[in-house]
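Reviewing the structure listed below.
The values are calculated or read from the model by the stated rules, or taken from the named source; none is laboratory data. A quick note: this is a predicted structure, and the numbers were derived from the prediction, not measured. Here the Cβ is made from the backbone with ideal geometry for all residues, glycine too, and neighbour counts use every protein chain on show.
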Amino acid sequence: MPGLAQRKLVAHDVRSAPRHAGRAALFLGLLLLVSAGCASPRSGETLQRHEYHSDHMGTLFTIVLYASDSKNAEEAARAAFARINALDETLSDYRADSELNLLREKPVGVPTPVSADLFAVLERSRRMSRLSGGAFDATIGPYVRLWRFSRKRQVLPSAEELSLARQAVGWENLALDPAKRTVTMRVSGMRLDAGGIAKGFAADEALKVLRARGINRALVAASGDLAIGDPPPGKRGWRIAATEIDSGTNFASQVFILRNAGVSTSGDTEQFVEIDGVRYSHILDPRTGLGLTRRIQATVIASCATESDALATTVCVLGPRKGINLIERNPPAATLVITKDKNGEHQYQSRRWP
């Protein structure tokens, strides 16, 4: 899988290595506004800021944490990245031998025991499918496979290809048994895809690893998905900014303070293809099998990154009005939606948006 190889971990205090700050702080649609390490107001011990990077799931994961000991900080970061790598091996749809991909080889209608991680992701995906009326769907794999070929050839899938794929897509065709922790494929040709939720889940799990090692003041970023823990020492929270659609700079359109939450941005600023003069997003609509053609970017704040990741993708598929309605029905989530057309940019936000 591209980007899977782990880089050597490098820890640096932002004060002594400012040249890294822009590269490490800029994420898809989100900007982490960094602050220097300082003393903990409760214990009096000095907590220093450490930052680590490693490639997983086809993107760069960044861990920012505060710790009093550099050795413990690096060991904790290594353990967190090891957890992310293990989830990559479980949830990747690029790796032929991932647990997710091996499910498609199982007999139709036969329950298959799966790992706790895979079951948790599929269960959360099914919940989002129910809430969104199918706008989020982990069974979208056949469409994703078609669309990857289309992006390479720059030719849309044929009506016949889409019709054949559609027979194997539908979240209702995936049966989950929590008591036995089994998954059953109800129709042939099914392929699962966890791309709309896996990075957020991995960021949450990495944050859990850090907390288990006593590091609570931390943040884990997976491109546009951030899992946020306790705030930096002496701060109310982590300063996060939502950037403008198509922004190629660190310009922040809105800044907010978060702690113990998840925040995700989804959109086509970086991943899209033009076919016959039409711009298609990498985000697919499970109801059509094609990439979105509206220019839209959604930033979602939720209780965890797993939720914000799935919700951000879903809001893009639903569009501003239906997407915000979904967010309003799922407290404490909040969203900022930005669209772009020939008349310029338009912003929409839910009532709970900070």
Scope region 150-172; condition over 21 Å from S281 (Cβ atoms) and within 26 Å of the chain's Cα centre (by Cα); matching residues: A168, G170, E172
Run P41 past the list (1) modelled with pLDDT under 95; (2) under 26 Å from the mean Cα position of the chain (by Cα); (3) within 18 Å of K235 (Cβ to Cβ) and report the number of the one that doesn't hold. (2)
Can you list residue pairs whose Cβ atoms sit under 6 Å apart, with the first residue in region 273-291 being within 12 Å of V155 (Cα to Cα) and the second being assigned to a loop (DSSP other than H, G, I, E, B) and of a type outside the set (S, T, Y)? Count only pairs 6 or more apart in sequence or on different chains. I275/Q154; I275/L156
Residue count for region 109-141, restricted to those that are assigned to a loop (DSSP other than H, G, I, E, B) and out of contact with any Gly (no Cβ under 9 Å at 6 or more places or on another chain): 6
Looking at region 65-123 only, could you name the residues that are basic (K, R) and in contact (Cβ under 8 Å) with a residue 12 or more places away in the chain? R78, R83, R95, R104, K106
Inside region 163-262, counting only strands (runs of 3 or more DSSP E) that do not spill past its ends, which hold 3 or more residues that are farther than 24 Å from T339 by Cα? 174-177, 182-185, 218-222
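In region 177-201, which residues are of a type in the set (A, V, I, L, M) and buried (at least 17 other Cβ atoms within 10 Å of the Cβ)?
Passing the criteria: V183, M185, M190, L192, A194, I197, A198.
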